[in-house]
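A short write-up of the structure that comes next.
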Amino acid sequence: MSLEQNLGYFFFDKRLLNRALTRKAYALEQKQQNQIHEDQEIYRTLGDSVLKTVLTEFLVRSGCNSRQEITTRRIELEREENLAQLGKVLEIGLFIKLGVGEKKMRANEQPYVLAETLEAIIGAVYLDGGFSNARGVVKKIFQNDFPDEV
């Protein structure tokens, strides 16, 4: 299966997905070889914001009644370990572009790398297909947490 099949979303602009999967170390190494590869950092920031928005919506719709309850539950859902586990289920580690040192350290198995890349992918989906598609991907990723979400 491809990453897009796992996500349930197929990119119109594959360059967006490629950038979401590109770690900074890899991009810098490519630059040293006069090849331009932009890294995932900006997409991670965007994806984090989209993720917060969608999770907040789902929590409100699922019956959370206070700001405190929403914040506490969302923090739990967004924990690095949780995002990393969701990234493993999607098998994103197989597709991450790592620098040489990161490959040796098997960084694609590290929770922080999986979590950051998952956020970057959500940001890339948002840029490629808009909020509705990004919401759909988050819904699929968190389907066990929000089984009744429509």
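Laboratory data are not the source of any read-out in this text; all were calculated from the coordinates shown. Bear in mind that the values here come from a model prediction, so they are computed numbers and not experimental data. Cβ coordinates were reconstructed from backbone atoms using ideal geometry, including for glycine residues, and neighbour counts include every protein chain displayed.
Helical content alone sets the calculated 222 nm signal of the chain at -21000 deg cm²/dmol, taking -39,500 (n - 2.57) per DSSP H segment of four or more residues and averaging over every residue.
Charge dipole of the stretch 3-141 (Cα centre as origin; +1 on each Lys and Arg Cβ, -1 on each Asp and Glu Cβ, all else neutral): 80 debye, rounded to the nearest 20. Close amide H pairs (under 5 Å, H built 1.01 Å from N) link Lys97 with Thr22, Arg23, residues at least 5 positions away or on another chain. Phi-derived couplings, Karplus 6.51 cos²θ - 1.76 cosθ + 1.60 at θ = phi - 60°, listed residue by residue for the stretch 133-138: 5, 4, 4, x, 5, 4 Hz, with x used for Gly and Pro. Only Cα sites of the chain enter the Debye sum here, all with the same form factor; the resulting log10 I(q)/I(0) across q = 0.08, 0.16, 0.18 1/Å is -0.22, -0.83, -1.02, listed in q order.
Between 0 and 90 degrees, rounded to the nearest ten: what's the tilt of helix 80-90 against the longest Cα principal axis of the chain? The answer is roughly 70 degrees. Rounded to the nearest 10 degrees, the inclination of helix 67-78 to the longest alpha-carbon principal axis of the chain is 30 degrees. Rounded to the nearest whole Hz, the Karplus-based 3J(HN,Hα) values (6.51 cos²θ - 1.76 cosθ + 1.60, θ = phi - 60°) of the stretch 38-44 follow the sequence 8, 8, 7, 3, 5, 5, 4, with x at glycine and proline.
Going from the residue with the fewest nearby Cβ atoms within 10 Å to the one with the most, Leu16, Leu21 rank Leu16, Leu21.
Which stretch or stretches of the stretch 100-138 have amide N atoms under 18 Å from the point lying 7 Å from Glu80's Cα along the Cα→Cβ direction? Only 102-103, 105-121 fall inside the zone, counting backbone N under 18 Å.
Residue by residue, the stretch 114-131 carries 3J(HN,Hα) couplings of 5, 5, 4, 5, 4, 4, 4, 5, 4, x, 5, 4, 4, 5, 7, x, x, 5 Hz when phi is fed to the Karplus relation 6.51 cos²θ - 1.76 cosθ + 1.60 (θ = phi - 60°); x denotes Gly or Pro. Annotation: the residues Glu102, Glu4, sorted from fewest to most other C-beta atoms within 10 Å of their own C-beta, follow the order Glu4, Glu102. Shown for Tyr112, Tyr9: other C-beta atoms within 10 Å of each C-beta, ranked fewest to most, produce the order Tyr112, Tyr9. Full extension of the chain between Thr53 and Asn6 gives 14.7 nm of extra length, using 0.36 nm per residue less the Cα-Cα distance.
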